[in-house]
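The values are calculated or read from the model by the stated rules, or taken from the named source; none is laboratory data. Computed from a predicted model, the values in this text were never measured in an experiment. All Cβ positions, glycine included, derive from the backbone under ideal geometry; neighbour counts span all protein chains shown.
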Amino acid sequence: MDSILVKGNGPLNGQIPIAGAKNACLTLMPATLLSEEPLTLTNAPRLSDIKTMTELLQSLGAEVSGLQDGQVQAMSSHNIDNHVADYEIVRKMRASNLVLGPMLARLGQAVVSLPGGCAIGARPMDLHIHGLEALGAEIELKDGYLHAKAPRGLKGAVIELSFASVGATENIMMAATLAKGTTQIKNAAREPEIIDLADCLKKMGAHIEGAGTPVITIEGVDRLHGATHPVVTDRIELGTYMLAPAICGGEVELLGGRLDLVGAFVEKLNEAGVDVIETKAGLKVKRQGDRVKAVDVTTEPFPGFPTDLQAQMMALMCTAEGTSVLEEKIFENRFMHAPELIRMGAKIDVQGGHATVTGVDHLKGAPVMATDLRASVSLILAGLAAEGETLINRVYHLDRGYEKVVRKFSGVGAQIERIKGG
Ligand code: EPZ
């Protein structure tokens with residue numbers, strides 16, 4: 001397994017290009033199952049999760065060609081000859097469950113392995129099941145697989161989500177595009193990736209109103225046609241790299257960055273004493289003084305502070321002046337980066353869903369372990385600001401969500417290299 005070696009090297013200056021959103025691409029790709037005609041995605045990020053989704057769609061019979069240079073995923077599911085999403089693929093990536101809704105809508109049946117838990121939580125699918133059953137699907141759990149069928153097709157319904165689940169909103173919205181009649185999703189997720197999916201589905205001929213608001217209305221149609229769609233900018237990659245000049249000093253411009261994608265996050269950066277300025281090319285970030293101020297953070301569904309930026313924000317708060325409390329309200333086990341940051345001299349007290357961080361003058365480099373995708377990049381941020389060297393192990397987590405991470409950080413002056421593992 002590869003490692004990443006980071007050496008604290010002072011302020012960072014320059015530009016970092018932001019890629020297409022992993023979490024948008026992972027729901028846009030299954031949308032190809034809704035139509036016999038080709039769907040092409042441009043600005044697709046080159047990540048291992050995208051390869052996993054490619055493998056999954058190909059295992060169902062779809063043709064997927066990822067033209068790596070052009071970041072294009074050309075897909076066609078003209079003939080789907082398998083409706084089983086196998087455990088071996090699904091357990092690697094929870095987002096595999098996003099083939100459930102499209103397969104039900106297109107084929108009237110689907111067998112999708114339950115993903116099982118992951119590092120950050122149990123990741124149940126009750127809200128997906130509740131919504132698809134409301135559309136007329138019969139779903140039962142057998143041998144760890146969801147066996148779903150809709151022999152008489154899907155019928156529009158009013159569905160109230162008890163929690164604004166991103167994945168459940170996506171599965172239900174995709175299924176509803178081919179259901180008979182009208183579907184209304186209440187307390188729908190409002191993430192930019194939901195808007196991006198709705199925009200793509202509308203290009204394919206779907207009738208969808210209200211994406212990005214708590215109520216999404218979908219008028220079912222008989223069939224969808226092909227389309228070409230650009231994947232929206234990755235707001236989590238954007239927020240991650242915005243923290244680099246905040247924790248190290250200097251001034252970095254994030255190319256392609258959009259303020260509307262990171263509103264709540266920028267409010268917290270401003271509160272901490274970090275300036276974010278819109279430029280023609282994106283967003284420019286610069287810390288006001290020598291050290292940021294501690295701020296409290298609570299993670300919430302969009303437009304609140306994103307849970308996927310909590311670990312990275314904690315790294316910043318470890319170096320802040322004062323004490324901050326980070327409250328994680330989305331996942332039940334998303335503080336595994338804390339013990340690793342403590343190895344670097346951070347002062348963090350985790351009690352259930354709260355982490356109290358008392359800023360220290362300097363973190364100290366140390367060997368640490370990446371435990372999940374976002375935790376791994378928070379350790380890089382901490383290493384960039386620490387005295388001495390930090391060796392981050394198990395960096396395969398990083399490859400899931402951060403394209404060319406070493407090149408992007410070194411491009412602004414970071415001392416960082418990838419060490420090939422055994
Ligand atoms: C998406 O996961 C993202 N993944 C996650 O990003 C992100 O953290 C999450 O949304 C929240 O923003 C993708 O888009 C591929 P949820 P998803 O359904 O859809 C509970 C990353 O780092 N829940 O909104 O799985 C669930 O257990 C990843 O890129 C149920 O209880 O998130 C969790 O506590 C990590 N029952 C909460 O809701 C359900 O049926 C949020 O889940 C579904 C979810």
Return the residue satisfying two criteria in turn: it lies in segment 35-55 and is surrounded by fewer than 24 Cβ atoms within 10 Å (Cβ to Cβ) and assigned to a helix (DSSP H, G or I), and of such residues it is nearest to the chain's Cα centre (by Cα).
ASP49
Filter result (surrounded by fewer than 18 Cβ atoms within 10 Å (Cβ to Cβ) and part of a strand (DSSP E or B)) within segment 56-65:
GLU63, SER65
Please state which one of ILE16, ILE80 is of a type in the set (A, V, I, L, M) and surrounded by fewer than 24 Cβ atoms within 10 Å (Cβ to Cβ).
ILE80
Only one of LYS268, LYS329, LYS293 is closer than 25 Å to GLU191 by Cα and free of Cβ contacts under 8 Å to residues at least 40 places away in the same chain; which?
LYS329
Which condition breaks for VAL64 when tested against (1) away from the ligand (no atom under 11 Å from the Cβ); (2) over 19 Å from THR177 (Cα atoms); (3) touching a residue at least 24 places away in the same chain (Cβ under 8 Å); (4) out of contact with any Leu (no Cβ under 6 Å at 6 or more places or on another chain)?
(4)
Members of segment 109-138 that are over 18 Å from the mean Cα position of the chain (by Cα) and of a type in the set (Val, Ile, Thr)
VAL111, VAL112, ILE129
Counting only residues that are surrounded by fewer than 20 Cβ atoms within 10 Å (Cβ to Cβ) and not small (Gly, Ala, Ser), which one in segment 373-392 is nearest to the ligand (Cβ to nearest atom)?
LEU391
So which pairs qualify, if the first residue must be in segment 117-134 and within 21 Å of ARG106 (Cβ to Cβ), the second must be near the ligand (Cβ under 6 Å from one of its atoms) and of a type outside the set (Ser, Thr, Tyr), the Cβ gap must be under 7 Å, and the two must be at least 6 apart or on different chains?
HIS128/GLY167; HIS128/ALA168; GLY131/ALA168
Number of the condition not met by GLY10 [criteria: (1) outside the structural domain of GLY383 (by TED's automatic domain parsing); (2) more than 13 Å from the ligand (Cβ to nearest atom)]:
(1)
Listed residues ALA179, ALA168, ALA198, ALA157; which is within 16 Å of PRO30 (Cβ to Cβ) and away from the ligand (no atom under 13 Å from the Cβ)?
ALA198
Name the one entry in VAL166, VAL215 that is out of contact with any helix residue (DSSP H, G or I) (no Cβ under 9 Å at 6 or more places or on another chain) and within 16 Å of PRO301 (Cβ to Cβ).
VAL215
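Of all residues in segment 84-99 being over 16 Å from the mean Cα position of the chain (by Cα) and in a loop (DSSP other than H, G, I, E, B), which is nearest to the ligand (Cβ to nearest atom)?
Checking each candidate, the answer is ARG91.
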Condition test on VAL295, is it in a loop (DSSP other than H, G, I, E, B) and outside the structural domain of ALA168 (by TED's automatic domain parsing)?
yes
Sort out which residues of segment 118-149 are surrounded by 14 or more Cβ atoms within 10 Å (Cβ to Cβ), more than 9 Å from the ligand (Cβ to nearest atom) and closer than 20 Å to LEU56 by Cα, and write them in order of number.
TYR145, LEU146, HIS147, ALA148, LYS149
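In segment 319-361, which strands (runs of 3 or more DSSP E) lie fully inside it and hold 3 or more residues that are within 16 Å of the ligand (Cβ to nearest atom), of a type in the set (Val, Ile, Thr) and farther than 17 Å from ASP296 by Cβ?
none
Considering only segment 293-317, state which residues are more than 16 Å from the ligand (Cβ to nearest atom) and in contact with a strand residue (DSSP E or B) (Cβ under 6 Å, 6 or more places away or on another chain).
The answer is LYS293, ALA294, VAL295, ASP296, MET317.
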Odd one out for ASP275, checked against (1) closer than 19 Å to GLY121 by Cβ; (2) not in a helix (DSSP H, G or I):
(1)
Picking from LEU224, LEU261, LEU178, the residue that is within 30 Å of GLN288 (Cα to Cα) and either of a type in the set (Asp, Glu) or in contact with a helix residue (DSSP H, G or I) (Cβ under 9 Å, 6 or more places away or on another chain) (or both) would be LEU261
Could you check segment 26-45 and list, in sequence order, the residues that are touching a helix residue (DSSP H, G or I) at 6+ places or on another chain (Cβ under 6 Å) and either within 13 Å of the ligand (Cβ to nearest atom) or charged (D, E, K, R) (or both)?
LEU26, THR27, LEU28, MET29, PRO30, PRO45
